[in-house]
Amino acid sequence: MLSLTLDSADSSQIKKELLDIRKALESYLVSLRSSNGSNEISEAPVSPSSTSSIASRGPSDSSSIFTRKLSVASVSDVSSELGNGQPSVSDLARRFDKALACGKSNGPAGDNIQHRTQILNAQNAAIVGSRVTQRSPSVSSGSLATVPGSIGTLIKDLSAKEAAASGLSSIESAMAAQALGKAYQNADQLEPALEYYHQALAAQEILLGPTHLMTLNTLDIIASVFEIQSRWQNALDYYQQSLAGRENNDALGPNHPSILPTATRIAQVHEELADLKKAKEFVQRGIDECTSKYGQKHPTTLSAKFKLATICQKEGAYEVATELHEEVLQDRIQRDGPNHPTVFSSKAHLAAVYRAQGETKKAIPLLREAFEGQQMKYGEIHSTTTATASQLAESYWDIDEWREALDFYFIT
C-alpha cells in the first residue's frame, strides 16, 4: 500500500490533490497498456462506478503528480513501494483489464447480468397463474409439457392440428401454436415466438373468450417476451389487458392468486418507463393484498415493501425509503436470521439511502456487515460481494479515509 506524507492543508485541498493524483495514475495506466507494459508505473484502484467515465476525462497533468510534497517522489519509488509485498505493476495492469472486461459483462450492472435478470423476470411473469389454472374439460387432455420438444416436430404437430380442426382453429391447434412459440423462445428466436403466441391468443379469444384464464396467461407470456426485448410500452399494454381480464372474470374474483403477480409486473414496467408514481401505486396495492392474505412478515409482503423502498429512493423520498428499509431489515432478521442473503441485500440498500442523505458514517457499518456476510456466502469475487466492496470503497473515500478506500478498491 502506498504510504503518503502530506503537508498540513485543509481536508478539501488534500482530497483535491489526491483526486489529481488518481487521475494522473489512470493516465499512466493507459500509457502502460498502449506500450505493452514497457513503463514501470503504479495503478490507482478505480471504483467500478467510475470506470465508464475514465475514457471521457481530459488528459491529466501527469508531469506534476510527483512534484507534490509526498514521501513518494518518483515513478521508481512507486514501483518499489508496490514491490514491497504488493502485486507487480504488470500483474495489476492485467488484473485491471480483466476486471473491467468481466465487470462490463458479468458485474452487478453488466450486460449479461441485466439480460439474465430480465429473462428471469419475464419467465416468472410468463407462468402467472399456472399453479392455479383450472383447465376446462375440453382442454384437460392436452398439455404443453407432453408436446414433443423439437421445433420441426412441433411445426408438423401444429399443421396436423390445424388440418383436423373443424373450423378456422381449435383448442388443440392453439395449444400446438403456443408450444411452438415456447420452443422458439427457448431457442432465443423471439420474433417467431411472438408470431405463434399471437396465433394461439387469437384462437383462445375466439374459442374460450377474452377473460378465460388460459387466454389471460397467454397475454402474460406475450408481455414477458416484450420485456425481454425491452419493449416496455408493448409489455405494459398486454399486462394491463391481462389484469383487466382477471378483474372482470367473475369466476376469478378480485382476490384470485394470479392477480397479484400481474400487478407486480405492471409496477416493474412502469418503473422501467420512469413512471414512478404509477409504479408506487401498483406496489402499494401488492403490499396491501399480501398483508391481508399472508401477514406483514411473509417473504412476499417483505419483498413488496423492499420494492416500494427502492422506488421511493429513486424518487428522492429518502425518509420514506429509510423507514421502509429499516422495517424490512428488522423483519427479515427476525424471520430468517442475520445471515440470510436477503438480510445482506437490505443492509446494502439501507446503507445506500444513508449515503444519499450524506450519512456515510452510518452507512459504513451496514456495508461492512453486508460485505462480510456476502464474502462468506458467495466468495470475494462474486458480483454481489464486489458491488458491496465498491460501495465501501466510495464511502471511505467520501470521509477521507483513503487507506481503507484503497483496500476495498483493490477488491473490486
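The values are calculated or read from the model by the stated rules, or taken from the named source; none is laboratory data. The shown structure was predicted, so the numbers you read here are calculated from the model rather than taken from an experiment. Ideal geometry is used to build each Cβ from the backbone, glycine not excepted, and the neighbour counts take in all protein chains shown. For accessibility, only protein heavy atoms count, side chains too; no ligands or nucleic acids. Shrake-Rupley method; radii C 1.70, N 1.55, O 1.52, S 1.80 Å.
Per the conditions (1) modelled with pLDDT of 85 or more; (2) crowded, with 23+ Cβ neighbours inside 10 Å, the sole criterion not satisfied by LEU158 is (1). Listed by first and then second residue, the pairs with beta-carbon distance under 7 Å, at least 6 apart or on different chains, first residue in the range 329-357 and more than 21 Å from TYR318 (Cβ to Cβ), second among the polar types (S, T, N, Q) and open to solvent by 20 Å² or more (accessible area, probe 1.4 Å), are ASP336/THR342. In the condition set (1) part of a helix (DSSP H, G or I); (2) small (Gly, Ala, Ser); (3) more than 19 Å from LEU25 (Cβ to Cβ), SER390 is compliant with all but (3). If we scan the range 377-388, do we find a residue that is among the aromatic types (Phe, Trp, Tyr) and surrounded by 16 or more Cβ atoms within 10 Å (Cβ to Cβ)? No, the conditions are met nowhere in the range 377-388.
When the range 278-294 is filtered for residues that are open to solvent by less than 40 Å² (accessible area, probe 1.4 Å) and under 24 Å from PRO341 (Cα atoms), the ones remaining, listed by number, are VAL283, GLY286, ILE287, CYS290.
From the list LYS362, LYS314, LYS297, the lone residue that is open to solvent by 40 Å² or more (accessible area, probe 1.4 Å) and in a loop (DSSP other than H, G, I, E, B) is LYS297.
When both residues are 6+ apart or on different chains and their Cβ atoms are under 8 Å apart, which pairs have a first residue that lies in the range 376-403 and is basic (Lys, Arg), and a second that is surrounded by fewer than 19 Cβ atoms within 10 Å (Cβ to Cβ) and modelled with pLDDT under 90? From the range 376-403, the pairs are ARG403/MET1. Can you tell me which residue is nearest to LYS277 (Cα to Cα) among those in the range 317-347 that are among the small types (Gly, Ala, Ser) and surrounded by fewer than 21 Cβ atoms within 10 Å (Cβ to Cβ)? The extreme case among them is ALA317.
Applying a threshold of 6 Å to beta carbon distances and a minimum spacing of six or more residues, or different chains, the list of pairs starting in the range 196-220 at a residue that is among the hydroxyl-bearing types (Ser, Thr, Tyr) and ending at one that is open to solvent by 10 Å² or more (accessible area, probe 1.4 Å) and not in a helix (DSSP H, G or I) reads THR211/ASN248; THR211/ASN249; THR215/LEU208.
Yes/no matrix, rows are residues, columns are (1) modelled with pLDDT under 90; (2) in contact with a helix residue (DSSP H, G or I) (Cβ under 8 Å, 6 or more places away or on another chain); (3) in a helix (DSSP H, G or I):
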| site | (1), (2), (3) |
| --- | --- |
| VAL328 | no, yes, yes |
| GLN334 | no, no, yes |
| LEU350 | no, yes, yes |
| GLY358 | no, no, no |
| LEU366 | no, yes, yes |
| PHE371 | no, yes, yes |
| GLN374 | no, yes, yes |
| SER395 | no, yes, yes |
| PHE410 | yes, no, yes |
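From the list SER230, SER224, SER242, SER169, the lone residue that is at pLDDT 90 or above and in a loop (DSSP other than H, G, I, E, B) is SER230. Of the listed requirements (1) at pLDDT below 90; (2) among the hydroxyl-bearing types (Ser, Thr, Tyr); (3) in contact with a Cys (Cβ under 9 Å, 6 or more places away or on another chain), THR384 misses just one: (3). Does ASP237 satisfy the criteria of being crowded, with 20+ Cβ neighbours inside 10 Å and either under 25 Å from the mean Cα position of the chain (by Cα) or part of a helix (DSSP H, G or I) (or both)? The answer is no for ASP237. Assess whether ALA251 counts as being over 21 Å from the mean Cα position of the chain (by Cα) and either open to solvent by less than 30 Å² (accessible area, probe 1.4 Å) or at pLDDT 90 or above (or both). So ALA251 does not fit the description; no.
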